[in-house]
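Student: I have a structure I would like to understand better, so I am pasting it below and will then ask my questions one at a time.
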Amino acid sequence: MASRSIILNFVALAILALASKVVRSQVPPGGSVPAEHSLSGVVVNDRSEAVASATVTAQWLTGRRSVVTDPRGAFSLSVPAIPVRLTVTGRFIAANQTALADDAHALNLELKIHYEIPATAETLVITASVVDPAIDRRNDTVYRNTLFLRDDQLFETLESGINAGQHEGGGKSIEVRRFGFNLDHGGLNGGLKVLVDDVPQNQATQGHGQGYLGSLKELTPELVEDVDIINGPFSAAYGDFSALGVIHIRTKESLDDRVVLRAQGGSFGGYRTFAAWSPRQKNAQDFAAWEHAYTDGPFLNPLHYVRNNVTANYMRTLDSTQSLGFKVNGGSNNFNSSGQIPLDLVYSGVLNRFGYMDPGDGGNVRSGTGSFYYLKNLGTSDTLRADAYLGRSLFDLFSDFTFYLNDPVDGDGIQQHDSRLQDGGSAQYVHANSLWGHPGLFMAGANLSESWINVDLFHAKDRRIIAPVPGDPSTEASVHIVNPAMYVQQGIDLPHLHMDAGLRWDEFRFKVTDHLVPANSAISFAGSAEPKVNLVYKPVLGFPAALHFNFGRAATSQDARGIALAPTSPKAAATNFYMVGTSHQLKRFSLSTDMFLIDRQHEDVYDPDNGTMLYQGPSRSYGWEAKASWQVAAHLSWNAGLTQVTNAFFPGTLPRKYVDSAPHSVGNSSLTVSGWCGLYSSLRYRHVSRYLLVNPDNTSVPPALPYVNSAQTHASGLDVLDFAASRKLGRGLEWNLSVENLNNKRYYETQNFFDSRISPAAPVEARVHGTPGYPIGFTTGLTWRFE
């Protein structure tokens, strides 16, 4: 997307150069130069909101001039008194053009643009436009200036009602919770779809859970350009795992500096180095980057968490209408893990909060992805893009959830293995059109994702395989999954109303070959139609307030092994997501509010003992959100958000059965200083309420115990402060500081309720198990930037 405005400029330059030669050959020497007059006006979007920092270009046969709009969207420039054409360009602004005659009224012009992707103002440095309840955007400010060691820290910057906790110290993938649903590692209960440069990160039928997000460990924070967070399945471009939202992360095509070096170190034996080189080449944008990180964490069984990532990009402009790019990303991570420990032992003093039960827990991952991107401008109103990717990963995870519950001799340790080759691609055509005399935007596209997987589950002790898995057979299966899809979407801008309507079709094909139990082998198919509708109503033009309605349906695929074991179970579960909201803006203050209703066809439950996903009937969640942004001063901004789930339950149950394992209140707030005397600083607050872990009518739950807020059926919440600062020390040199858990809150990032036995002779108990959050930790570093 970022290259689109560059390509448009190349197109304009080529046309103007050719036109200039023609005119010079026709105008005699000494010919008169036309007089000039002023053009002025304002650029607004489809909701009549001011568009700041857009480029307005006036073009005529012999020249061109450009100007950037101010914070009020205003512009002014002088042009010859001859016919000119005006264009507005900027990130995600669709192709547009306005023709003016030589005698046209040149003052108080209103140039209206619309976006190919909906835009919002909630970045860390606020711009003066209205926040959209359906989408948030983050720029690269926090990723350039904050020191990270783990991928869960990166997720904490996204906010938007997302509660993501590190699972077993940070080496294993995060556990995600949103809108009252527990998504496990990203793919259950509708899922939260995550893409990096159009490459999907959710891994279907993964060795450790449907929709696993472990590949995010290859993402280097300094390379993030921007992030779009769509709060539901409202765009036809996104399919599987998008029911509870989409996170689309875009990395940079080149760096602002030729060379960037960063070295950091801090608490818990943690250190990290980052190096990047971005050469300057004609008609090309490129870089190569390397990242190495290590930490032991606060745990008594040191993490020995080592992470190495290599990333490279090459994007070339082929001519004035097209560009071609390549990205390569590979990484490895190795770690030990303290696992989820019984909290009754912690609260009674038997076990340290950072202790462990099985010293053999941990894992290692090797993965790499290569992708290419092609962009073609077919004219001023048409764009074609295509991309494709190929990835390879090897994943091994050693876990012990229940200790001696099933095997009092060797324990319940398991090895989950996933060997995966995946490929896919997408193509999209965008056309700026006109419907009944009103501007519109048409979009059509297709996606394909395909995976060949060898997925295994074995009984293990001290990272050695022993068979079979206690209480359940081992798994050794080959799986082939294909997910083709196609979609169309049309938008139109009316005087007071913007409308989008789209339809997507997803097809899922599963082939499972069970090498241990051939009878469990199966071939299955499923299809899903997914409508999308988005409305934005502006009651009074020029007044910064709007009403929003968003609806989307998305399908989430089942774990292929679960389909083979239970052929009659649904192969895909649909989710209907309704959102009604408002957005307001008064000078430097923006506010959005919304109410949401989420109906899921089937609730997902992951069974770690056999590595499959099961369904337990329809579920419903509803509640409200509020988000605010305030540009307090030129260099000081404030953001805040709160997502409140009023209820999440299973309809038709009596007594009422509630959806468990996810908080109902998730909030955030941040105060950011940026660009003041070379200083960047942010103070970030995150809140998560206590939440239900198991329904109280469950007969396996013992009477309430005192060690978890007087109720063993609930998880405790958290209120945590994080701090980051960077300061320019001299030309090209920066000092960085990050403080995690500034208030030294004692909390648990993930908590789950299940049966376990802590020793061969101990009784079986239903209890809460948890992963402790990191205590206060300091990291400091230096960054060198060379032009």
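Student: Phe274 fails exactly one of the following numbered conditions: (1) without any contact (Cβ under 8 Å) to a residue 60 or more places away in the chain; (2) in contact with a Leu (Cβ under 7 Å, 6 or more places away or on another chain). What is the number of that condition?
Tutor: (2)
Student: In this structure, is Tyr606 modelled with pLDDT under 90, open to solvent by 20 Å² or more (accessible area, probe 1.4 Å), part of a loop (DSSP other than H, G, I, E, B) and not basic (Lys, Arg)?
Tutor: Working: modelled with pLDDT under 90: yes; open to solvent by 20 Å² or more (accessible area, probe 1.4 Å): yes; part of a loop (DSSP other than H, G, I, E, B): no; not basic (Lys, Arg): yes.
No, not satisfied.
Student: Taking the stated definitions as given, is Thr251 open to solvent by 10 Å² or more (accessible area, probe 1.4 Å) and in contact with a helix residue (DSSP H, G or I) (Cβ under 6 Å, 6 or more places away or on another chain)?
Tutor: yes
Student: Out of the range 408-445, which residues are open to solvent by 10 Å² or more (accessible area, probe 1.4 Å), in a strand (DSSP E or B) and charged (D, E, K, R)?
Tutor: Asp423
Student: Also: Within the range 739-746, is there a residue that is part of a loop (DSSP other than H, G, I, E, B), closer than 26 Å to His185 by Cβ, modelled with pLDDT of 95 or more and open to solvent by less than 50 Å² (accessible area, probe 1.4 Å)?
Tutor: yes
Student: Now a separate question. Mind listing whichever residues of the range 721-738 are open to solvent by 40 Å² or more (accessible area, probe 1.4 Å) and in a loop (DSSP other than H, G, I, E, B)?
Tutor: Listed by number, the list holds a single entry, Arg731.
Student: When the residues of the range 496-522 are narrowed to those that are touching a His at 6+ places or on another chain (Cβ under 9 Å) and open to solvent by 70 Å² or more (accessible area, probe 1.4 Å), which ends up farthest from Leu448 (Cα to Cα)?
Tutor: Per the criteria, the residue is Lys511.
Student: Taking the condition open to solvent by less than 50 Å² (accessible area, probe 1.4 Å), farther than 30 Å from Ser434 by Cβ, part of a strand (DSSP E or B) and in contact (Cβ under 8 Å) with a residue 40 or more places away in the chain, does Ala526 pass?
Tutor: yes
Student: Turning to a different aspect of this structure: Assess whether Val328 counts as being part of a strand (DSSP E or B), open to solvent by 50 Å² or more (accessible area, probe 1.4 Å) and within 26 Å of Asp151 (Cβ to Cβ).
Tutor: So Val328 fits the description; yes.
Student: Quick check, is Tyr305 touching a residue at least 40 places away in the same chain (Cβ under 8 Å), in contact with a Lys or Arg (Cβ under 9 Å, 6 or more places away or on another chain), of a type in the set (Phe, Trp, Tyr) and closer than 20 Å to Ile776 by Cα?
Tutor: Yes; evaluated as a whole, the condition is true for this residue.
Student: Between a residue in the range 279-291 that is open to solvent by less than 20 Å² (accessible area, probe 1.4 Å) and any residue that is outside any strand (DSSP E or B) and among the small types (Gly, Ala, Ser), which pairs come within a Cβ distance under 8 Å, given they are 6 or more apart or on different chains?
Tutor: So the pair list comes out as Asp286/Ser254; Asp286/Ser278; Phe287/Ser254; Phe287/Ser278.
Student: Separate question: Give the range 345-365 a look and list any residue that's of a type in the set (Asp, Glu) and either open to solvent by 20 Å² or more (accessible area, probe 1.4 Å) or on the phi > 0 side of the Ramachandran plot (or both), or say none.
Tutor: Asp358
Student: With the condition kept exactly as written, say whether any residue in the range 239-249 is more than 25 Å from the chain's Cα centre (by Cα) and closer than 30 Å to Thr295 by Cα.
Tutor: No: zero hits.
Student: Of all residues in the range 292-325, which are open to solvent by 20 Å² or more (accessible area, probe 1.4 Å), farther than 30 Å from Gly269 by Cα and assigned to a strand (DSSP E or B)?
Tutor: Tyr314, Arg316, Thr317, Leu318, Asp319, Gln322, Leu324
Student: Might you check whether a residue that is closer than 30 Å to Pro439 by Cβ and either open to solvent by less than 10 Å² (accessible area, probe 1.4 Å) or part of a strand (DSSP E or B) (or both) occurs anywhere in the range 455-468?
Tutor: No.
Student: State whether one or more residues within the range 708-720 are at pLDDT below 90, assigned to a strand (DSSP E or B), surrounded by 17 or more Cβ atoms within 10 Å (Cβ to Cβ) and not acidic (Asp, Glu).
Tutor: Yes, the conditions are met somewhere in the range 708-720.
Student: Please enumerate the residues belonging to the range 388-404 that are surrounded by fewer than 20 Cβ atoms within 10 Å (Cβ to Cβ) and farther than 25 Å from Phe335 by Cα.
Tutor: Matches in the range 388-404: Ala388, Leu390.
Student: Right, next: Of all the strands (runs of 3 or more DSSP E) wholly in the range 142-231, which have at least 3 residues that are in contact with an Asp or Glu (Cβ under 8 Å, 6 or more places away or on another chain)?
Tutor: Here the list reads 163-167, 172-178, 224-230.
Student: Could you run through the range 54-76 and say how many residues are assigned to a loop (DSSP other than H, G, I, E, B) and buried (at least 20 other Cβ atoms within 10 Å of the Cβ)?
Tutor: The first filter runs over the range 54-76 and keeps only residues assigned to a loop (DSSP other than H, G, I, E, B), leaving 54, 61-62, 69-73.
Filter again for buried (at least 20 other Cβ atoms within 10 Å of the Cβ), leaving 54, 69, 73.
Count: 3.
Student: May I ask you to list the residues in the range 642-696 that are open to solvent by 50 Å² or more (accessible area, probe 1.4 Å), over 19 Å from Gly717 (Cα atoms) and outside any strand (DSSP E or B)?
Tutor: Pro651, Gly652, Leu654, Pro655, Arg656, Cys677
Student: So is Gly542 open to solvent by less than 80 Å² (accessible area, probe 1.4 Å) and either more than 26 Å from Gly191 (Cβ to Cβ) or in a loop (DSSP other than H, G, I, E, B) (or both) or not? So that I can check it myself, show each step before the final result.
Tutor: Numbers: open to solvent by less than 80 Å² (accessible area, probe 1.4 Å): yes; either more than 26 Å from Gly191 (Cβ to Cβ) or in a loop (DSSP other than H, G, I, E, B) (or both): yes.
The answer is yes for Gly542.
Student: Just one of (1) touching a Phe, Trp or Tyr at 6+ places or on another chain (Cβ under 9 Å); (2) at pLDDT below 95; (3) closer than 22 Å to Thr157 by Cα trips up Tyr294, so point out which.
Tutor: Condition not satisfied by Tyr294: (2).
The values are calculated or read from the model by the stated rules, or taken from the named source; none is laboratory data. Being a predicted model, the structure only gives us computed values, none of them experimental. As a convention, Cβ positions derive from the backbone with ideal geometry for all residues, glycine included, and neighbour counts pool all protein chains shown. These accessible areas exclude ligands, DNA and RNA; they are computed on the full protein's heavy atoms, side chains included. Shrake-Rupley method; radii C 1.70, N 1.55, O 1.52, S 1.80 Å.
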